[in-house]
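A.B. asks: Before I ask anything, here is the structure I am working with.
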Amino acid sequence: MNGKRGWSMFGKKWVWMALEDLTVAAAVRAWTTRNRGLQVTPVGMYSGRLPEELNRGLEPRDDALHPYESRLYWEWWYFDAQFEDGHRCVLELQYPNLLNPLARQCCMLFNVYTPDGRQLNNIVPFPASEWRASRETCDVAIGENTIRGYYTEYRVNFRHGNLACDLVFTNLLPGWTRGTGEVMFGRPEKKRVFGWVVAQPRARVEGTLTVDGETRSVSGLGYHDHNWGNAFLPLYVSHWIWGRLFHERLTMIFADVHTSRRCGEVRIPVLFLALDDRIVLESSRVDFRVRDYRRDARGYQVYPAEVEFSFSERDVSGKFHLRVKEEMEAVLTLADRLPAPALKLFGKAVAGPAYYRFLSDYRGSVRVGGERLEPAGETHWEYMILSLRCGQVPGPGVTLPL
């Protein structure tokens, strides 16, 4: 209630009302300063390391449990593989079930893509009591579904319905993380974090894959990373692009994370590059450009069909272009919890969270010292929307000075 209205309603009490208003206004300004201008600190991420240090690898506990005393704590271990016979799979254990965070559940993701174009996408909830994970090394289980290992070998054993896998992922590159692996939002005394470790940037994968009850021996290339945090990410992160590509001699991981408006719409770009069996670059000096936004197959959200990025640091530089060929996966995060009319209304007024995995053609050029490569081929990348409204094309964001 403002001072003028206080005067008209309460006469001589207007002074007290005005003082109260000033106190409330001061509190609102203080809250706004704390919560709408939150500090974003990529911990250690902007001190690029030389190849000698980059290739030292990780400690076992880097890929272990990272528990936080918070109701918003979450964590997942992710693997994917592409096999020589044309099958692909995506494997993940997560706590809690991020599609239903209010339930006391954990979750297994077991997706298989067959050479004839079938997509077997499974998100399987389990009671939280079936979750087990070590704080010392990567040893994670939901019921009988397990992930165990450390450099150089991880074993993944999943089963669901007529699908099963028993796969061994063997490192072809050292594990890697950017700085400490965490981005911190807010103040150190009440920090919110988003963590990321890439335990296997590139791995040889061998074992068995069972589809429709038929078991086959498979071999190919794979990848494993690990994320965790103690924040409700839509409050801090708007959206991100993440992807990677394997060429004959080249391994690349790229990401462009945009924070929310309350965190200043800051961009956190990251690039990892390895040549043969050696990491040659980690960099935040990456210029991403996206264009040709289009509606998804359901007409719910929009995504960029073209992504370009370039980088240059020390004696390493490159430029890449990706164009979407196919929507491999589309998950509308709120679709199972809201009826269609409410989902549409909420998406336009507040946010339309969604996850997309695309199959794309790519072409690029890379220079490492005096050597030049011009890779081209097919890869996949993801677009994660957390707090953009339906149809919203994001702005360019703010790049932190390096």
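The values are calculated or read from the model by the stated rules, or taken from the named source; none is laboratory data. None of the values given here were measured: they were computed from a predicted structure. Positions of Cβ are generated from backbone atoms using ideal geometry, with glycine treated the same way; all protein chains shown enter the neighbour counts.
A.B. asks: Out of (1) assigned to a helix (DSSP H, G or I); (2) modelled with pLDDT of 90 or more, the odd one out for residue 26 is which?
C.D. replies: (2)
A.B. asks: If you don't mind, there's one more thing I want to ask. Filter the stretch 116-156 down to residues that are in a strand (DSSP E or B), under 16 Å from residue 203 (Cβ atoms) and not aliphatic (A, V, I, L, M), then give me how many there are.
C.D. replies: The total comes to 7.
A.B. asks: Residue 358 fails exactly one of the following numbered conditions: (1) in contact with a Lys or Arg (Cβ under 7 Å, 6 or more places away or on another chain); (2) part of a strand (DSSP E or B). What is the number of that condition?
C.D. replies: For residue 358, the exception is condition (1).
A.B. asks: Given the criterion free of Cβ contacts under 8 Å to residues at least 60 places away in the same chain, closer than 26 Å to residue 318 by Cβ and surrounded by fewer than 22 Cβ atoms within 10 Å (Cβ to Cβ), identify the matching residue among 276, 256.
C.D. replies: Exactly one of 276, 256 is free of Cβ contacts under 8 Å to residues at least 60 places away in the same chain, closer than 26 Å to residue 318 by Cβ and surrounded by fewer than 22 Cβ atoms within 10 Å (Cβ to Cβ), namely 276.
A.B. asks: Just to be sure, is residue 310 among the small types (Gly, Ala, Ser) and either within 19 Å of the chain's Cα centre (by Cα) or closer than 22 Å to residue 394 by Cβ (or both)?
C.D. replies: Taking the combined requirement at face value, the residue satisfies it.
A.B. asks: Let me ask you something else. Of the residues 137, 146, which is surrounded by fewer than 19 Cβ atoms within 10 Å (Cβ to Cβ), among the polar types (S, T, N, Q), closer than 30 Å to residue 281 by Cβ and modelled with pLDDT of 95 or more?
C.D. replies: Result: 137 is the single residue among 137, 146 that is surrounded by fewer than 19 Cβ atoms within 10 Å (Cβ to Cβ), among the polar types (S, T, N, Q), closer than 30 Å to residue 281 by Cβ and modelled with pLDDT of 95 or more.
A.B. asks: If the Cβ limit is 7 Å and pairs must be 6+ apart or interchain, which residue in the stretch 357-368 that is under 16 Å from residue 290 (Cα atoms) pairs with which residue that is surrounded by 16 or more Cβ atoms within 10 Å (Cβ to Cβ) and among the aromatic types (Phe, Trp, Tyr)?
C.D. replies: Partner pairs satisfying both residue conditions: 358/381; 360/381; 362/320; 364/320.
A.B. asks: Let me ask you something else. Give me the pairs, please: first residue somewhere in the stretch 173-192 and under 24 Å from residue 56 (Cβ atoms), second residue anywhere and part of a loop (DSSP other than H, G, I, E, B) and of a type in the set (Gly, Ala, Ser), beta-carbon distance under 7 Å, and either six or more positions apart or on two chains.
C.D. replies: From residues that are under 24 Å from residue 56 (Cβ atoms), the pairs are 174/57; 175/57; 179/44; 179/47; 180/44.
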